[in-house]
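Report on the following structure.
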Amino acid sequence: MNDATLALSALLILAYIGFELIFTEVKAEIDLSIPVATFVLAILGLVYSLAIYRFLAKKSHLFAGLISYILITTAIASLIIGSGGLQSQFVALWMIPAILSYMFGMPVLIVAWLATNAYLILMAVDVVNSGSDLTLTLLYFITMQLPFMVSYMIWRRSGASTETSEDSSGFKDKDLSADLLIESIAEGVVVVDLEGTLKLFNKAAEDITGWSKVDAIGLNYRSLLKLQDEKGVPIDKSKDPIRIVLASNKSLINDELSLKTRSEKIIEVTLVVSPINDRDGGVKAVAVVFRDVSEERHQQKQRAEFISTASHEMRTPVAAIEGYLALALNDKVSKIDSAAKGYLEKAHASTQHLGKLFQDLLTAAKSEDGRLTNNPVVTDMSAFMEQIVEDMRFTAEKKGLQVIQSFGAGAAKSGGGAMNPVYLANIDPERMREVLTNLFDNAVKYTEEGKLTIGFTGNQETMTISITDTGAGIPPEDVGHLFQKFYRVDNSATRQVGGTGLGLFITKKIVELYHGRVWVESKLGEGSTFFIELPRLDQTKADQLKQLETAQKTPLSTVQKPTNI
Ligand code: ADP
């Protein structure tokens, strides 16, 4: 707005000087006199808009713009009124304030529109009173509605009326501009193009890496973002998240890498790498958002260490108490009356619960810091599953639940009972038993009546185990949280059932250890199905792994360790 005021004021001043002082003969021919009031207002407008530019540096301030607008509008109004009103040579100049009015929002447009029409009506009354022809006034009346409509349309469409708008706290929508936002984000934001050149490097990226934007822009990202794995080895190209996203056009999150800063300090980072697409959907660059999580990880480690030490220490006395209680309850070794037996049975059950809680805490803590013992061996999963179902059948049937084994679709059972084809996986059977026991125990715990169905299917690459129950089901809003640590669904159906909220967390961690995934599909009141998908091992890889297992069991053996497995 200040630009317009500056230009118009200067023009009016020049016109005044020109017509009043220099080209006086021209003025005599056509009446182009500029009233003194206009000249004064134009000077005010000029001084004001210059002051705004030079000293206040508030070019986009709404209030400053409005004052500019008022100054230039009054200058033009004084020019038109002072040079003959509707007969003035300058009447068309009124288009300017009219068109600019909606820049300051609806109230200003309405005031300007009402003032214009009030003036036109007054003029029309004068014309009627003097008995002259109304046609010209009517024409003006119709014509002057147009610029207001145009103003509404242009500023609304361009969004300029809101662009400069400002709320009571002085916050402008301009403050939301992408550049400002990127600079203000507390996480490192960098953009890397197809050649690997850094195109953007925000303030937080400077703080985290120690490199300045000036150093970074234009350089290859590998010379500044020195990513390395947990062993401190610089990551190779195949593991570089930026390269992966450039090649795959899919975003990824990585929270396993560290970054070497300019001062050679190693910090742990979480990276979110997303592709930036061109119009055709191809990758033209990647945006990397990263955060220093060293402190968080350190605290996490300390917490996990504390929990695992505490649960380890507490598990031993609890196991002793459980053992003595079992002895006290054993008719063959102790003689107690029936009331004492009742109390001891309760104490025994609670101690078992406590023991399970400590065990789960310990496993959860270990699974988080990678200390979970894991001895994977090549396992025939169909045979393994059959065994598991047999072992668990008893618990379910004791509660009156039917257990159905439904191995099918690609995993058909042959006459002898063995599965055909064979589905091999490289898993630790003890860990996988823990997973399946968790899921099976939950299915029994949360099902009052009906049946449990254990499914097993597979294809060339994967195999899927499913455990379906006809129990309470899980509310949809809880499904997304089930695999979080300590998460328990809180409703009347689940409240009476004891638990720690750690079983599914541990299950997920173990399944992920084998590059598998676990998920649930559930209908409240009808039941749930928990699925586990595991990668299937092909025969060649299985043979290589078996060879390796044999070599590890017999240290003096001369069997060569296969590589690239
Ligand atoms: P918990 O020790 O509480 O069973 P889990 O981690 O094993 O802990 O399970 C978390 C929550 O998920 C449970 O508290 C329960 O509300 C819900 N849940 C798990 N399995 C089932 C199931 N088969 N049917 C209904 N709810 C289930």
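The figures follow:
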| item | result |
| --- | --- |
| Which listed residue is under 30 Å from Ile253 (Cβ atoms), free of Cβ contacts under 8 Å to residues at least 24 places away in the same chain and not aromatic (Phe, Trp, Tyr), from Gly282, Gly370, Gly323, Gly342 | Gly370 |
| Residue in the stretch 414-437 that is near the ligand (Cβ under 7 Å from one of its atoms), surrounded by 19 or more Cβ atoms within 10 Å (Cβ to Cβ) and not hydrophobic (A, V, I, L, M, F, W, C) present | no |
| Those residues of the stretch 305-335 which are among the small types (Gly, Ala, Ser) and open to solvent by 50 Å² or more (accessible area, probe 1.4 Å), in sequence order | Ala319 |
| Residues of the stretch 492-514 satisfying the condition of being in contact (Cβ under 8 Å) with a residue 60 or more places away in the chain and either more than 11 Å from the ligand (Cβ to nearest atom) or of a type outside the set (Val, Ile, Thr) (or both) | Gly498, Leu502, Gly503, Leu504, Phe505, Lys509, Ile510, Val511, Leu513, Tyr514 |
| Qualifying residue in the stretch 478-487 (condition: more than 25 Å from the chain's Cα centre (by Cα) and either more than 7 Å from the ligand (Cβ to nearest atom) or not charged (D, E, K, R) (or both)) | no |
| Members of the stretch 209-225 that are touching a helix residue (DSSP H, G or I) at 6+ places or on another chain (Cβ under 9 Å), within 20 Å of Val293 (Cα to Cα) and outside any helix (DSSP H, G or I) | Trp211, Leu224, Leu225 |
| Residue list for the stretch 277-293, restricted to those being over 16 Å from Arg243 (Cβ atoms) and open to solvent by 30 Å² or more (accessible area, probe 1.4 Å) | Asn277, Asp278, Arg279, Asp280, Gly281, Val289, Arg291, Asp292 |
| Hits in the stretch 70-91 (condition: touching a helix residue (DSSP H, G or I) at 6+ places or on another chain (Cβ under 6 Å) and hydroxyl-bearing (Ser, Thr, Tyr)) | Thr73, Thr74, Ser78, Ser88 |
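Matching residues to (1) open to solvent by 80 Å² or more (accessible area, probe 1.4 Å); (2) charged (D, E, K, R); (3) in contact with a strand residue (DSSP E or B) (Cβ under 8 Å, 6 or more places away or on another chain):
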position	(1), (2), (3)
Val192	no, no, yes
Asn202	no, no, yes
Thr209	no, no, yes
Ile217	no, no, yes
Asn220	no, no, yes
Lys237	yes, yes, no
Asp240	no, yes, yes
Leu252	no, no, yes
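The values are calculated or read from the model by the stated rules, or taken from the named source; none is laboratory data. Bear in mind the structure is a predicted one, so any value in this text is a computation, not a measurement. FYI the Cβ positions are ideal-geometry reconstructions off the backbone, even for glycines, and counts take in every protein chain you see. For accessibility, only protein heavy atoms count, side chains too; no ligands or nucleic acids. Shrake-Rupley method; radii C 1.70, N 1.55, O 1.52, S 1.80 Å.
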